[in-house]
Amino acid sequence: MAKLKKTARKKTAASSASAQAQADKLSRTLSESAQQIWLAGVGAFGRAQSEGTKLFENLVKEGLNFEQTARKFAGNRADVVRDAVESRVGQARERATDTWDRLEKVFEDRVQRALVKLGVPTHEDLTDLAQRVDGLTSELRRVGPGRRTTTSAAPAAKKTARKRATKKATKKQPVV
C-alpha cells in the first residue's frame, strides 16, 4: 500500500507540474492575444485618424449624389402631381362657373317675372315710350309755338280745379 501511495504521489506531482505548465502556457497565450488585440485597436484608431477625413468626404459626396437623384425623381413626380391638381382645379372652376351662370339666369328670370306681374315697364317699354315722347315733341315743335300755349293753359286750369275739388272732398268727410 505504501507503494501505491508513492505512485499516487508521483503521479499527482507529475500531474500538478503538467497542469502548472499548461496554465502558464495558457496565460502567455492569453496575454499575447490581448496584446495583439490592443495593437490592432491602436492601429485601427491611427488608420481612422489618417483616413477618416477622406472617408468622411467620400461619404458626403455619395450623400449629395443620392440626394440629387432623389430630388430629380421627386421633382418629376411633383410636376406630374401639380399638373393633375391644376387640371382638377380647372374642371372644378368650370363647373362652379357654369353653376353660377345657371343660378344667375334663374334669378334674373324670376325677378323679370315678378316685375312683369307688378306692372313695372321693361327696358324695351321705356325705350318705346321715349321714342313716342320724342316723336310727339318734334310734332309739337313742327306745329308751332302758338298752339302749344293754349293747350298748356287748359291742363293747368284743370289741375287747379282738381286741387280745389279734392280739398273740399277731404273737408266734408267725417273723421272716424
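What follows draws every value from the coordinates through simple rules; no lab data is involved. The structure presented is a predicted model; accordingly, all values stated were derived computationally and were not measured. Cβ coordinates were reconstructed from backbone atoms using ideal geometry, including for glycine residues, and neighbour counts include every protein chain displayed.
Once phi is turned into ³J(HN,Hα) by the Karplus curve 6.51 cos²θ - 1.76 cosθ + 1.60 with θ = phi - 60°, what whole-Hz value does each residue of segment 112-119 show in order, with x for glycine and proline?
Once θ is set to phi - 60°, the couplings for segment 112-119 become 4, 4, 5, 5, 5, 4, 7, x Hz.
Suppose every K and R has +1 on its Cβ and every D and E has -1 on its Cβ; what is the size of the dipole of segment 19-129 about the Cα centre, in Debye to the nearest 20?
Working: 17 positive and 18 negative charges, 153 e Å.
That gives segment 19-129 a dipole magnitude of about 740 debye.
Calculate the tail of P(r) for segment 26-120: the fraction of all Cα-Cα distances greater than 19 Å, expressed in %.
Values: 3394 of 4465 pairs.
Looking at segment 26-120, the distances longer than 19 Å represent 76 percent of pairs.
Any aspartates and glutamates with Cα under 18 Å of the Lys72 Cα? List them, leaving off those in the same chain fewer than 8 positions away.
Glu62, Asp83
Across segment 57-63, in residue order, what do the Karplus-derived ³J(HN,Hα) couplings come to in whole Hz, using 6.51 cos²θ - 1.76 cosθ + 1.60 with θ = phi - 60° and x for Gly and Pro?
Running phi through 6.51 cos²θ - 1.76 cosθ + 1.60 with θ = phi - 60° gives 4, 5, 5, 5, 4, 4, x Hz.
How large is ³J(HN,Hα), in whole Hz, for each residue of segment 16-27 in order, when computed from phi with the Karplus curve 6.51 cos²θ - 1.76 cosθ + 1.60 and θ = phi - 60°, using x for Gly and Pro?
Computed from phi, the couplings for segment 16-27 are 6, 5, 5, 5, 5, 5, 5, 5, 5, 5, 5, 4 Hz.
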